[in-house]
Amino acid sequence: MYVKFGLLHDAQDVFDKMPDRNVVSWTTMISAYSAAKLNDKALEFLVLMLREGVRPNMFTYSSVLRACDGLFNLRQLHCCIIKIGLDSDVFVRSALIDVYSRWGELENALRVFDEMATGDLVVWSSIIAGFAQNSDGDEALRLFKRMKRAGFLAQQTTLTSVLRACTGLALLELGRQVHVHVLKYDQDLILNNALLDMYCKCGSLEDANAVFVRMVEKDVISWSTMIAGLAQNGYSKEALKLFESMKVLGIKPNYVTIVGVLFACSHAGLVEEGLYYFHSMKELFEIDPGREHYGCMIDLLGRAGRLSEALDLINEMECEPDAVTWRALLNACRVHRNVDVAIHAAKQILRLDPQDAGTYVLLSNIYANTQRWNDVAEVRRAMTYRGIKKEPGCSWIEVSKQIHAFILGDRSHPQISEINIQLNQLIYKLMGVGYVPDTNFVLQDLEGEQMQDSLRYHSEKLAIVFGLMSLPRGQTIRIRKNLRICGDCHLFTKLLAKMEQRIIVIRDPVRYHHFQDGLCSCGDFW
């Protein structure tokens, strides 16, 4: 009773006065300390329990496993569990998988799962969740298929993890198939939020809005997900309108909500509104500004060309600015061609992330464009010394339930020759309507034709052309890529979307680009 009311001191007093303590008494206290995140206490009680000669059961170990604060303790407990033969228990095995996954030990988590003599839905859900939470969506989906073939029906918790895997991989069609499974159950808030997040992050705002409108119950996570989704997909005004509706209904925003609001302000150019929310968020919503809020404000001020104010804001940050914060400033400098601040920002990024190949390339090009050839040589020497090579661009497109990957310079796709022919024909046509390759996005020490060739076969161009070849005219072409889209590919896609009368959606690590009628939802700033 004391534990359930959170009165652990009183529970401890009663426990200490008990003349006879059995496995239930000990497990109750261990479970309480574990749930309260008092990990040292939970582990200490397990040791005391063993010293008193009381043998832990499956509930004891299930509780204490979640109090593990490191792999050393986890492995010791795993050994104890095997010695007393509890490793085949469903709850213990599920807890082992959860904790190994939490510590990023997915190989060990899978080994525990594969040792299972008989299947159980709880354990299946644990291993699928482990891979989904560690951004290994491919393996999570493979396990989900195995589970279905083994005859298990998916439950809400399993489907939530599968939706997370679809979200990470931006697999819209597969996400829609999972949605069909979701409709078979009562509408669970957590499951609906996962569904909403999946549609937002796969760039399908129509589906996201349909889910949001139909949700009977909405919490702050639902509203925040929709606001952030609208903002990231370029619908800033709609995001801010939704925020106003949220406030009218009396729902208190959280940290993530304000990040979405500030992001929307930055992409709509609403400087004064953004400054108002940023400076009043503590007073209005009792939320202290964090690194993400500062990043949005620096992006907002940078977009407006107020680079000195953005730099002042970085210097005012209570927490140390990270590489992401400096990249926001660097991107603004690239757009507004402020060389001095750009060099300062680039140096800060490389101090924090010496392996950031993209910043080396941009810094080298900044020096080259200002004729500072000694500095160009120094940057290139630093890249060579550190063994840094620019990560090859990779783009993915889903066609007929198959994922097709394209990498710059890779000719392994069976239709690559036909794709290249089509791409060259399209580029020739686009040049007739004003397309000129923008070589600011390749290293400036390449010769002119080499520059254009390195741009011509960027992975997103190959994926888009394959989409044009493979998908019916009315279907949206959806691309996911590992690197930020370059300015040349952005211009190419805008013009191509207009010429071919297609809708093209590209998701890069920063944001989502919806191309239609020669325009992009990002407003040409990303």
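The figures follow:
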{"read-out": "Pair list, Cβ under 7 Å, 6 or more apart: segment 180-195 residue more than 13 Å from residue 218 (Cβ to Cβ) and free of Cβ contacts under 8 Å to residues at least 12 places away in the same chain, other residue open to solvent by 50 Å² or more (accessible area, probe 1.4 Å) and not in a helix (DSSP H, G or I)", "value": "none"}
{"read-out": "Segment 389-425, residues that are of a type in the set (A, V, I, L, M, F, W, C), under 22 Å from residue 174 (Cβ atoms) and open to solvent by less than 20 Å² (accessible area, probe 1.4 Å)", "value": "394, 397, 399, 406"}
{"read-out": "Residue ID - farthest from the chain's Cα centre (by Cα), chosen from residues in segment 318-328 that are modelled with pLDDT under 90 and either farther than 17 Å from residue 349 by Cβ or part of a loop (DSSP other than H, G, I, E, B) (or both)", "value": "318"}
{"read-out": "Out of 384, 359, sole residue that is of a type outside the set (A, V, I, L, M, F, W, C), open to solvent by less than 50 Å² (accessible area, probe 1.4 Å) and either within 26 Å of residue 456 (Cα to Cα) or touching a helix residue (DSSP H, G or I) at 6+ places or on another chain (Cβ under 6 Å) (or both)", "value": "359"}
{"read-out": "Residue list for segment 70-95, filter: of a type in the set (S, T, N, Q) and either open to solvent by 70 Å² or more (accessible area, probe 1.4 Å) or over 31 Å from the mean Cα position of the chain (by Cα) (or both)", "value": "76, 88"}
{"read-out": "Segment 157-185, subset among the small types (Gly, Ala, Ser) and modelled with pLDDT of 90 or more, residue nearest to the chain's Cα centre (by Cα)", "value": "165"}
{"read-out": "Residues that are within 18 Å of the chain's Cα centre (by Cα), in contact (Cβ under 8 Å) with a residue 24 or more places away in the chain and on the phi < 0 side of the Ramachandran plot, drawn from segment 200-222", "value": "200, 201, 202, 204, 205, 221, 222"}
{"read-out": "Residue satisfying condition, being at pLDDT 85 or above, closer than 19 Å to residue 188 by Cα and touching a helix residue (DSSP H, G or I) at 6+ places or on another chain (Cβ under 7 Å), within set 154, 129", "value": "129"}
{"read-out": "Residue match in segment 101-108 (condition: touching a residue at least 24 places away in the same chain (Cβ under 8 Å), touching an Asp or Glu at 6+ places or on another chain (Cβ under 6 Å) and surrounded by 18 or more Cβ atoms within 10 Å (Cβ to Cβ))", "value": "no"}
{"read-out": "Checking residue 67 against (1) outside any loop (DSSP other than H, G, I, E, B); (2) buried (at least 24 other Cβ atoms within 10 Å of the Cβ); (3) not acidic (Asp, Glu), the condition it does not meet", "value": "(1)"}
{"read-out": "Qualifying position, being over 19 Å from residue 67 (Cα atoms), assigned to a loop (DSSP other than H, G, I, E, B) and open to solvent by less than 10 Å² (accessible area, probe 1.4 Å), among 140, 154", "value": "154"}
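To keep it simple, each residue is scored yes or no on (1) more than 15 Å from residue 266 (Cα to Cα); (2) open to solvent by 10 Å² or more (accessible area, probe 1.4 Å).
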position	(1), (2)
294	no, yes
298	no, no
302	no, no
308	yes, yes
312	yes, yes
317	yes, yes
320	yes, yes
325	no, no
328	no, yes
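The values are calculated or read from the model by the stated rules, or taken from the named source; none is laboratory data. Please read these numbers as outputs of a predicted model, since none were measured by experiment. Cβ coordinates were reconstructed from backbone atoms using ideal geometry, including for glycine residues, and neighbour counts include every protein chain displayed. Remember, those area values only see protein heavy atoms, side chains included, never the ligands or the DNA or RNA. Shrake-Rupley method; radii C 1.70, N 1.55, O 1.52, S 1.80 Å.
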